[in-house]
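The values are calculated or read from the model by the stated rules, or taken from the named source; none is laboratory data. Small disclaimer: the values here were computed from a predicted structure and weren't measured. Ideal geometry is used to build each Cβ from the backbone, glycine not excepted, and the neighbour counts take in all protein chains shown. What goes into the accessible areas is simple: the full protein's heavy atoms, side chains included, and nothing from ligands, DNA or RNA. Shrake-Rupley method; radii C 1.70, N 1.55, O 1.52, S 1.80 Å.
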Amino acid sequence: MSSRLSLPVQVGNLTIGGGNPIAVQTMWKEPLTAIDSTLINKISYLSDMGCELLRFAVPDLESAQALGELAGRVKMVLVADIHFDYRIALRCMDFPIAKIRINPGNIGAAWKEIGRAHV
């Protein structure tokens, strides 16, 4: 099996693509609320198991705040997965979150609805 040549992309301290080894990634399944030692320990366990990048769904500004706090407390590369509301992505940019993943198929729809509400 041959692989497609890709350009390297830097995500935090991790380089993905461009002939680099495949990065082990996972998606966090629980709602992100309180940042406590249990959460930190679970992330440390994932890291010990070889996970290098952890994605979080960020459905609201409170989750963005929590992920921002978490990003300052762990070494794992964290990614904010944003849908519907561009303001959440903007808030995530205030923190050391390594990557912000936006779904372009639904961010535009939310922008149009927000725009209509202010006309």
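The table for this structure:
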{"read-out": "Residues located in the range 14-23, provided they are over 14 Å from the mean Cα position of the chain (by Cα) and within 24 Å of Met49 (Cβ to Cβ)", "value": "Thr15, Ile16, Gly17, Asn20, Pro21, Ile22, Ala23"}
{"read-out": "Unmet criterion (only one of (1) open to solvent by less than 30 Å² (accessible area, probe 1.4 Å); (2) under 15 Å from Met93 (Cα atoms); (3) in contact with a helix residue (DSSP H, G or I) (Cβ under 6 Å, 6 or more places away or on another chain)) for Gly68", "value": "(3)"}
{"read-out": "The range 1-24: number of residues that are within 22 Å of Gly68 (Cα to Cα) and crowded, with 16+ Cβ neighbours inside 10 Å", "value": "3"}
{"read-out": "Out of Ala71, Ala66, Ala34, sole residue that is at negative phi and modelled with pLDDT under 95", "value": "Ala34"}
{"read-out": "Any hit, the range 88-107, residues being surrounded by 10 or more Cβ atoms within 10 Å (Cβ to Cβ), farther than 29 Å from Leu7 by Cβ and modelled with pLDDT under 95", "value": "no"}
{"read-out": "Residue in the range 39-56 that is touching a Pro at 6+ places or on another chain (Cβ under 9 Å), among the hydrophobic types (A, V, I, L, M, F, W, C) and touching a residue at least 12 places away in the same chain (Cβ under 8 Å) present", "value": "no"}
